[in-house]
Amino acid sequence: MLVDRRSFLQCVGQGVFLIGGLSVLNSCHGLDRYRLFARDQKQQPIGGLTEKEVDILYLASLAPSGHNTQPWTVRIVEPQHWIVGSARERWLPAVDPQNREVLLSIGAFLENLVIAAEAHGYTIDLSVIAKSPSDKELVDIRLRKGQVRDFPLERIKTRRTVRNNFLDREITADDLKYITIHDKRPHLVKVIMPHGFYFPNLSPQGRRLQEGTIEANRKQAFRDPAQEELANWIRWSNKEAEKHRNGLTPDTMEIGGIARLYVEYFYNRKSVLSKSFRETTVDMVSKQVRQCGGWLVITSENSRIQTLIEYGRVFEGMLLRIRERKIAIHPMTQMLEESPARDAIAAELGLAGEVQWILRIGYLGSYPDPVSLRMPLSQLVIT
């Protein structure tokens with residue numbers, strides 16, 4: 001990859017690096033997703049959507065998804081009647097062949113959508129229409145005028161997945177109770193609510209989750225289809241990130257300072273497939289799992305479509321509460337993606353049912369702002 005040496009040195013010279021590459025240069029950082037959204041708004045409006053409905057869908061799109069693929073689509077059937085689905089080109093077949101994680105992500109998207117709609121004075125009628133996880137159309141949405149629900153939408157805008165700098169302090173019982181409260185709104189789909197189990201990091205179960213997560217990451221890093229899939233979703237440069245507006249960037253991977261500049265200029269898809277990158281990934285995971293307050297494991301009685309969508313909704317509701325307690329949750333799903341761990345983990349932990357989430361959890365000294373980009377709504381909405 002050819003680099004303009006003068007440009008590189010200018011970028012380096014405009015900032016001061018902290019030891020360990022923790023700072024991000026002001027002139028060399030990633031893209032601002034709010035600026036991009038404001039720019040989108042000045043372009044051609046989306047037919048069939050009011051200004052409020054555009055805001056609802058933008059807030060919905062701030063939900064988390066594996067590799068930040070943003071798999072959701074919205075088809076406008078008629079005014080205030082939408083079909084939420086998923087796009088095949090944004091699935092992850094190498095690590096999620098049954099679309100289990102896609103459905104969980106769709107659930108998180110729907111939770112944001114419902115909350116945002118209610119904040120704008122709508123009531124949502126929601127029904128799951130999919131018969132198979134691979135169906136393109138999943139959920140029927142109808143908006144009706146209703147009462148405004150007071151909700152701090154800033155929680156949706158500031159939600160972020162944090163990967164590093166967790167404190168080792170155990171999560172208090174009061175904080176666990178607060179973040180795992182289930183919303184009792186009447187429009188929630190009626191399924192058995194999730195069972196959450198907290199394991200301190202130094203407990204026998206916590207140590208098993210540490211070991212299992214490291215081993216599953218090692219298997220996945222050296223399983224070529226999975227690593228090639230990951231390589232397809234990393235956007236090393238700002239130019240590539242702005243082109244796609246999805247996937248993982250140096251900012252979302254928390255690569256800062258000199259390291260960030262280096263990877264932006266010198267890394268590409270082939271870098272992710274190198275042996276050294278794979279080994280570094282496993283080393284990084286080994287450090288992460290030993291630095292946290294513990295693990296939150298969430299199980300269900302089944303993995304039906306309706307159940308997974310609902311679990312995604314409940315999970316997003318939990319994520320919208322954690323920031324004010326300075327708690328971070330980092331989904332580490334590799335044990336659920338690699339055999340034999342995925343078939344044995346529930347029994348090894350002494351849990352009944354099917355494990356849907358393995359979450360590394362911990363307190364933060366300070367909470368960083370969100371950095372993951374979002375695709376233009378014009379690419380998600382089908383009119």
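Determine the distance separating the Cα centre of the range 129-169 from the Cα centre of the range 311-383; give it in Å without decimals.
Cα centroid of the range 129-169 versus Cα centroid of the range 311-383: 12 Å apart.
Looking at 91, 151, 308, which one has the Cα that reaches farthest to the positive end of the dipole of the chain (charges on Cβ: Lys, Arg +1; Asp, Glu -1)?
151
Let me have the 222 nm mean residue ellipticity of the chain computed from DSSP H runs of 4+ only, each contributing -39500 (n - 2.57), with the sum over all residues rounded to the nearest 500.
Computed ellipticity for the chain at 222 nm equals -12000 deg cm²/dmol.
Once you order the gyration tensor axes a ≥ b ≥ c over the Cα atoms, which shape class does the range 67-220 get: rounded for a/c under 1.5, otherwise prolate or oblate by comparing a/b with b/c?
Here the range 67-220 falls in the oblate category.
For the chain, with a Gaussian network of springs between Cα atoms less than 10 Å apart, report the residue from 346, 216, 60 with the top mean-square fluctuation.
346
Mind putting a number on the dipole of the chain about its Cα centre? Charges go on the C-beta only, +1 for Lys and Arg and -1 for Asp and Glu, and I need it in Debye to the nearest 20.
Approximately 580 debye in magnitude.
Can you tell me how the range 39-82 classifies by the Cα gyration tensor, rounded, prolate or oblate, using a/c under 1.5 as the rounded cut?
Taking the square roots of the gyration eigenvalues as a ≥ b ≥ c, the range 39-82 is oblate.
Can you bin the range 102-156 into rounded, prolate or oblate? Criterion: square roots of the alpha carbon gyration tensor eigenvalues sorted a ≥ b ≥ c, rounded for a/c under 1.5, prolate for a/b above b/c, oblate for the rest. Before the final figure, lay out each step's value.
On the way: a/c = 4.55, a/b = 1.69, b/c = 2.69.
Oblate, since a/c reaches 1.5 and b/c is not below a/b.
Give, rounded to the nearest 20 debye, the magnitude of the charge dipole that the range 178-317 has about its Cα centre when Lys and Arg contribute +1 at Cβ and Asp and Glu contribute -1 at Cβ.
Around 80 debye, computed over the range 178-317.
Can you list which of the DSSP-assigned H helices in the chain have a Cα extent of 20 Å or more along the long axis and an average Kyte-Doolittle score of at least -0.5?
Passing helices, by number: 100-119, 305-322.
For the chain, with all protein chains present and a 1.4 Å probe, just round the carbon and sulfur fraction of the accessible area to a whole percent.
53
If you count the DSSP beta bridges with both ends in the chain, what percent of them are antiparallel, to the nearest 5?
Among the beta bridges of the chain, antiparallel pairing accounts for roughly 90 percent.
The values are calculated or read from the model by the stated rules, or taken from the named source; none is laboratory data. Everything numeric here is computed off the predicted structure, so don't read it as measured data. Glycine gets a Cβ as well: all are built from the backbone with ideal geometry, and neighbour counts include every protein chain shown. Note: areas computed on protein heavy atoms with side chains; ligands, DNA, RNA excluded. Shrake-Rupley method; radii C 1.70, N 1.55, O 1.52, S 1.80 Å.
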